[in-house]
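The values are calculated or read from the model by the stated rules, or taken from the named source; none is laboratory data. These numbers come from a predicted model, not from an experiment. Cβ placement follows ideal geometry from the backbone for every residue including glycine, while neighbour counts extend to all protein chains displayed. Keep in mind that these areas ignore ligands, DNA and RNA; they rest on the heavy atoms of the full protein, side chains included. Shrake-Rupley method; radii C 1.70, N 1.55, O 1.52, S 1.80 Å.
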Amino acid sequence: MIKVFIQTYGCQMNEADSEEMFLHLSARGATRTNNLDDADAVLINTCTVRDHAEHRALSFLGRLCKWKRQNPKRIIIFAGCAAERLGKQLKKRYPYLNILSGAKNIEHFDQTLDSSGLFSPAGQAATPTPGLSAYVTIMRGCNFNCTYCIVPSVRGPIKCLPAADILADATRNAQAGAKEIMLLGQTVNAYQDGNTSFADLLNRVSEIPGIERVRFTSPHPIYFTPQFLQAVKDNPKIAHHVHLPVQSGSTKVLQEMKRGYTREIFLDKVRALQVAGFEISTDIIVGFPTETEDDFAQTLSLVDQAQFIAAYCFKYSPRQGTPAAQMQLHDEQTLENRLDILLNKVKGLCEAAYQRQIGSTQQVLMEEPRKGRSSTNFWVQTGLDFPVGSVVSCKIEKAEGTLLFARNEHD
Ligand code: SAH
Ligand code: SF4
Ligand code: F3S
């Protein structure tokens, strides 16, 4: 019996891919371990969206040299986006690496395992054991060409999975105990399969018996239409939270990034979502090569206006082969300064977003007896115990940092 240790870097899609890869491993007799010393195989599923992410995966691979020397029969699998970008050169740099499987190979991972000759023939895979929330990939790849981004080159063009397969996957997860389904794709709301639109898919997943809530990530602003809002806003099972990456508050920079929208269009979409009761979080990049002090000031002012509940802020990281990587970079100090200023602002505004919830009533899906997540994606602490997996109506009476406190009927 081969025991496999799995280390995943990167986004939720990578987390979902790791689970998929584990099912192929389990069909070939592998079980999972959380103890590296006890493992016979390691699967590293990597990210390359920023240099730092790739570096972490490579330094883990470097450290495995000693682990492998302790027992040369041990197996190392290097998979995902960094594996796709770096390709065969990795085998030269790390000769002890056994299997290389780039992100584009995810659908053929089973064949890669079989052709390695290191695993027994495929049999029955383990039954997936989702927690309360299960990831379901609905689309792979990306058709955009944002000038800073490496994802399209390592993941390839969009491929939407058939709606019937997605519904079957979500149903399997519901039957195994999941209460929440998170639909995944790099531009998830561009989903289309025959006559099934993204809104149709959300509604259909929400009708699966046992499913209390449907989330999705990451949508692209240009696909949020009034028709979409109309189709989903009255469905209480569709989470009223949207993670909507803006990247910059300057229309000029957005154009240079090739994002396909202006500052005003983005803010209009945010307002329409907020009017329909959705809360918004975002991603922001500071220090894109052409970003001036004035452009950066516009990002700060957009953050002021948009009332985000959270914002993930990144220093621009040049990625080889992308158009922006040809441009003149800012010095590190400028990136640090801008990131510091932005993070400070975001912290204050997000705390204010929590304070705004006081007095509101939130529908909370309990993840622990006294703690759960609201449809709008706030963590809520309750005064009484409730069954894990149930949805509880909570009146918010206090906010501390990034936690809301509820008063429940019997408190
Ligand atoms: N598909 C999603 C984002 C995927 S990548 C979208 O288009 O919105 C996740 C986040 O990483 C992005 O939103 C962006 O903020 C950040 N990112 C991507 N490339 C980057 C780079 N070269 N440097 C810094 N941050 C980057
Ligand atoms: Fe990257 Fe842009 Fe595609 Fe998002 S939409 S994955 S940022 S290219
Ligand atoms: Fe990273 Fe690949 Fe996701 S580059 S962010 S793991 S799509």
Self-check item: Mean accessible surface per residue for the chain, computed with a 1.4 Å probe while every protein chain stays in place, in Å²
Solution: 45 Å²
Exercise. Assuming R0 = 25 Å, can you tell me the calculated FRET efficiency for the pair Leu118 and Lys92, based on Cβ-Cβ distance, to the nearest 0.05?
Key: 0.80
Quiz item: Rounded to whole Å and sorted largest first, what semi-axes of the equivalent ellipsoid does the C-alpha gyration tensor of the stretch 129-239 yield via the square root of 5 times each eigenvalue?
Solution: 24, 17, 12
Exercise. Counting residues in the stretch 259-298 as N, plug N into 2.2 N^0.38 Å and put the Cα Rg over that result.
Key: 1.40
Self-check item: Options Gly117, Ala103, Cys160, ranked by Cα towards positive dipole end of the stretch 51-164, top entry (Cβ charges)
Solution: Gly117
Exercise. Taking H placed 1.01 Å from N in the peptide plane, check which residues at least 5 places from Thr282 or on another chain put their amide H under 5 Å from its amide H.
Key: Leu244, Ala310, Ala311, Tyr312
Quiz item: Which percent of the accessible area of the chain is formed by carbon and sulfur heavy atoms (probe 1.4 angstrom)?
Solution: 50 percent
Exercise. Run through the DSSP bridge list for the chain and note the antiparallel percent, rounded to the nearest 5.
Key: 35 percent
Practice problem: For the stretch 1-131, state what percent of all Cα-Cα pairs lands in each successive 10 Å bin, counting from 0 Å until the bin that includes the largest distance. | Solution: 13, 48, 35, 4
Self-check item: Extended-chain gain in nm, criterion 0.36 nm per residue less alpha-carbon gap, Asn145 and Ala126
Solution: 3.1 nm
Quiz prompt | Burial order of peptide ranges 365-373, 91-99 (average beta-carbon count within 10 Å, highest first) | solution = 365-373, 91-99
Practice problem: Just name one of Val253, Ile265, Pro236: the one whose Cα is farthest towards the positive end of the charge dipole of the stretch 230-303 (beta-carbon charges, Lys/Arg +1, Asp/Glu -1). | Solution: Pro236
Quiz item: Hey, what do the phi angles of the stretch 18-26 turn into as Karplus ³J(HN,Hα) couplings, whole Hz, using 6.51/-1.76/1.60 and θ = phi - 60°, x for Gly and Pro?
Solution: 4, 4, 5, 5, 5, 4, 5, 5, 5
Quiz item: How much length, in nm to one decimal, is gained on full extension between Asp165 and Gln255, taken as 0.36 nm per residue of separation minus their Cα-Cα distance?
Solution: 28.7 nm
Quiz item: Short version: ³J(HN,Hα) in whole Hz for each residue of the stretch 185-202, in order, from phi by Karplus 6.51 cos²θ - 1.76 cosθ + 1.60 (θ = phi - 60°), x for Gly and Pro, what are they?
Solution: x, 5, 9, 4, 7, 8, 4, 7, 9, x, 8, 8, 8, 4, 4, 4, 4, 4
Quiz prompt | Dimensions (Å) - the stretch 242-391, Cα atoms, principal axes, largest first | solution = 56, 29, 28
Exercise. Just need the relative contact order of the chain here, percent rounded to a whole number, with Cα pairs under 8 Å and 6+ apart.
Key: 10 percent
Exercise. Show me 72-85, 193-206 ranked by packing, highest mean number of other Cβ atoms within 10 Å first.
Key: 72-85, 193-206
Quiz item: Hey, got the dipole for the chain? About the Cα centre, +1 on K and R Cβ, -1 on D and E Cβ, debye to the nearest 20?
Solution: 1100 debye
Quiz item: Using a simple charge model, +1 on the beta-carbon of Lys and Arg, -1 on the beta-carbon of Asp and Glu, nothing else, what dipole does the stretch 361-408 show about its Cα centre, in debye to the nearest 20?
Solution: 100 debye
Quiz item: For the stretch 361-408, what is the largest minus smallest coordinate of the Cα atoms on each principal axis, given in angstrom and ordered from greatest to least?
Solution: 24, 19, 16
Practice problem: Keeping every protein chain in place, order Arg69, Arg50, Arg338 by accessible area at 1.4 Å, biggest value first, i.e. largest first. | Solution: Arg69, Arg50, Arg338
Quiz prompt | Theoretical gain in end-to-end length, Gln7 to Gln274 [0.36 nm per residue, Cα-Cα removed] | solution = 92.4 nm
Exercise. May I ask you to rank Ser59, Ser281 by accessible area, largest first, using a 1.4 Å probe over the protein chains only?
Key: Ser59, Ser281
Self-check item: Within the stretch 129-239: Cβ-based charge dipole about Cα centre, in debye rounded to nearest 20 (Lys, Arg +1; Asp, Glu -1)
Solution: 200 debye
Quiz prompt | Per-peptide average of other Cβ atoms within 10 Å, ordering 183-190, 114-121 highest first | solution = 183-190, 114-121
Quiz item: Once Rh is set to the Kirkwood radius over Cα pairs, what Stokes-Einstein translational diffusion coefficient, in µm²/s, holds for the chain at a temperature of 37 °C and a viscosity of 0.692 mPa s?
Solution: 143 µm²/s
Self-check item: Cysteines, the chain, no other Cys beta-carbon under 4.7 Å
Solution: Cys11, Cys47, Cys65, Cys81, Cys142, Cys160, Cys313, Cys350, Cys394
Quiz item: Which of the listed residues, Gln305, Thr33, Gly277, is farthest toward the dipole's positive end in the chain, when Lys, Arg count +1 and Asp, Glu count -1 at the beta-carbon?
Solution: Thr33
Practice problem: Using θ = phi - 60° and the Karplus relation 6.51 cos²θ - 1.76 cosθ + 1.60, list the HN-Hα couplings for the stretch 277-291 in order, rounded to whole Hz, with x at every Gly or Pro. | Solution: x, 8, 9, 10, 10, 8, 10, 9, 9, 9, x, 3, x, 8, 6
